[in-house]
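Scroll down for the structure; my scribbles are underneath it.
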Amino acid sequence: ESFDDYMKDLDNKKKYRREVSRITRQQDITQLENYDKIRGLCGVDGAYQLDHIISVTEGYDRNIPPSEIGDISNLQIIPWKDNLLKSNKSS
């Protein structure tokens, strides 16, 4: 892969991530289990984080539309440690 191809793909990944984030923010996450848990950053005792069950990276790699990756059906709220361990993998 040439540097130009790499940069083009990087730009496409950024656009994809931005679109997934936009769609994710539109979801009513009050429906999700653990919504009532404290949300916070990694390292905060008892903190939970919003997670994409099928990761954004996998969604991009498999050409899954951002609308599916950002949809409420692909979201969960999990402990930050689980989210950190999961990294960019899918549940």
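Per-residue answers, yes or no, for (1) open to solvent by less than 50 Å² (accessible area, probe 1.4 Å); (2) more than 22 Å from Glu68 (Cβ to Cβ); (3) within 11 Å of the chain's Cα centre (by Cα); (4) modelled with pLDDT of 95 or more:
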residue	(1), (2), (3), (4)
Tyr6	no, yes, no, no
Lys13	no, no, no, no
Ser21	no, no, yes, yes
Gln27	yes, no, no, yes
Arg39	no, yes, no, no
Cys42	no, yes, no, no
Tyr48	yes, yes, no, yes
Ile54	no, no, yes, yes
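If you go through region 56-69 and keep only what is crowded, with 17+ Cβ neighbours inside 10 Å and not hydrophobic (A, V, I, L, M, F, W, C), you end up with Thr57, Gly59, Tyr60, Pro66.
The values are calculated or read from the model by the stated rules, or taken from the named source; none is laboratory data. Being a predicted model, the structure only gives us computed values, none of them experimental. Ideal geometry is used to build each Cβ from the backbone, glycine not excepted, and the neighbour counts take in all protein chains shown. Just so you know, the surface numbers come from the protein's heavy atoms only, side chains and all, with ligands and any DNA or RNA stripped out. Shrake-Rupley method; radii C 1.70, N 1.55, O 1.52, S 1.80 Å.
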